[in-house]
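The values are calculated or read from the model by the stated rules, or taken from the named source; none is laboratory data. What you see is a predicted model, and the numbers here were worked out from it, not measured in a lab. All Cβ positions, glycine included, derive from the backbone under ideal geometry; neighbour counts span all protein chains shown.
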Amino acid sequence: MHPNLSFEQAPPISVPFRFFLTAPLFGIAAGLLLLWQGGEMLSSRWMPAALAATHLLVVGFMLQAMCGALLQFVPVAAGGNIWRPRLVAGIVHPLLLVAAGLLVAAFLSYRPALFLGAAHLFVAALGVFCIVVGAAVWRTPAQGPTIVALRIAMIGLLVTVALGATLATGLASGAQWPLLALTDIHAGWGLGGWGLVLLAGVSYFVVPMFQLTPAYPAWLARGVPLLLMLVLILWTLQLLGFPAEIRMAILFAGLAVAGAFAVQTLRLQFRRRRKVKDATLLFFRTAMVCLLVIVASALLFAAVPQFGQDARAPVWLGVLALVGVFVTAINGMLYKIVPFLNWLHLQRLGGMTVLPPTMNQMLAERRMRQQLYAHLAALVLLLAAVWFPLLARPAGLAFALDCLWLAANLVTAVRVYRDFRDRIRAAA
Ligand code: HEM
């Protein structure tokens, strides 16, 4: 179903790690923003601070982690040849950092120059990234559903950035464009075409490998990214002016595909051969349950207009998608990828003579599990805060601490790597 792993192609460990270590910092910033702003921030999706926090998570936490993961995953798992990964990371990583900072500042201040600056920097950074990584996933001789998903995810990222830059320019110039429809289309491509398709493509590979489950059925693995792309093309046609019922039908078609992916992942996890419940499995399971809660909530909002027309309904869906699905799944993946990369690189450095520490010595299961509980508490508080504004500040603080804990755990793992690497070098 997928190509073999080829570790000779792996980039230097500093390439993915700089992205992985930066991602949680944006989560901390989003939590602190909520702590500062309080309950009003969650009263509507259009609150400037809500848009700022959304982008701290999507172009901060998610984009950093996903770009770092792709620079590692594409050469090792997808057989793609990435051109000069160290140089690409050296350009893309700082540009994304500054661009995300400018965009967040733009949402908080509505200064046109900040929107324009962010748009230019994002186009530059993600233009380089999409050309290099896109060329690698298009040229790879490997085949299979993961490759299809990676290709569609790259298209999704391109469309999202192009629309994001258009929106930013529109807001900066006060243009009379259909900003509402453009925002919905941009959000659809960003969360569905980029985020969910990439999550699915990587899951086809890592869920069976790390959680020892059976493989995803081929029809579903191929169908999810292709159907999501089809749905998003139809979703984009709303610019032509659809009646609300058709728009709703397209939205539910997309949710049905997302729900099928979540149900299948949970079913595979129940049939896994390794019955131990480690932190990664629980993170992943939580993410899939949140995806299903999104589908159920959307159905409820459609059935009971009293709820669906409440300005807090989209915020509830947003918290579930961003924190419940994406931050949770990425958190779990990082806990597998980071110790594994440490081990791999140390094993190559030490050769046959020095045995690297075990995965558990790199990052103890106990520490990951404690942070999982902190994450679940933060998620529940955030969801409750959407309806009970008094909880917003405690929820913000809890989320900031949750992400700080993740950062501390990742730094611990990197320290173990560095100490052991230095010992190998000293011995040599
Ligand atoms: C790459 C991943 C991205 C994702 C997943 C994403 C996601 C989203 C989402 C979900 C919304 C709707 C927020 C809401 O309804 O509260 C949104 C709005 C917006 N995004 Fe992004 N975004 C991304 C990148 C960008 C970039 C790179 C830019 C700018 C260069 C940008 C600019 C905007 C603007 C200006 C709006 C709001 C427009 C308005 O107020 O009408 N986004 N984005």
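Data table
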item: Among the candidates Val161, Val128, Val132, residue that is within 9 Å of the ligand (Cβ to nearest atom) and either modelled with pLDDT under 95 or within 20 Å of Ala89 (Cα to Cα) (or both); result: Val161
item: Matching residues, region 22-61, being within 11 Å of the ligand (Cβ to nearest atom) and outside any helix (DSSP H, G or I); result: Ser44, Arg45, Trp46, Met47
item: Filter result (surrounded by fewer than 15 Cβ atoms within 10 Å (Cβ to Cβ) and among the β-branched types (Val, Ile, Thr)) within region 99-131; result: Ile131
item: Close pairs (9 angstrom Cβ cut-off, 6 or more residues apart or separate chains): without any contact (Cβ under 8 Å) to a residue 12 or more places away in the chain in region 399-415, part of a helix (DSSP H, G or I) anywhere; result: Ala408/Pro24; Ala408/Arg367; Ala408/Gln371
item: Test: residue in region 120-128 that is of a type outside the set (Asp, Glu), in contact with a Lys or Arg (Cβ under 7 Å, 6 or more places away or on another chain) and part of a helix (DSSP H, G or I); result: no
item: Residue ID - surrounded by the most Cβ atoms within 10 Å (Cβ to Cβ), chosen from residues in region 4-43 that are of a type in the set (S, T, N, Q) and within 18 Å of Ile91 (Cβ to Cβ); result: Thr22
item: Inter-residue pairs, beta-carbon under 9 Å, first away from the ligand (no atom under 11 Å from the Cβ) and in region 83-106, second of a type in the set (Ser, Thr, Tyr) and in a helix (DSSP H, G or I), 6+ apart; result: Arg86/Ser14; Ala89/Ser14; His93/Thr22; Leu97/Thr22
item: Matching option when the condition is of a type in the set (Lys, Arg) and modelled with pLDDT of 95 or more, among Arg271, Arg267; result: Arg267
item: Search result, residues across region 74-86 that are out of contact with any Leu (no Cβ under 8 Å at 6 or more places or on another chain) and in a helix (DSSP H, G or I); result: Pro75, Arg86
item: Exclusive hit being under 24 Å from Met333 (Cβ atoms) and within 16 Å of the ligand (Cβ to nearest atom), set Ile155, Ile147; result: Ile155
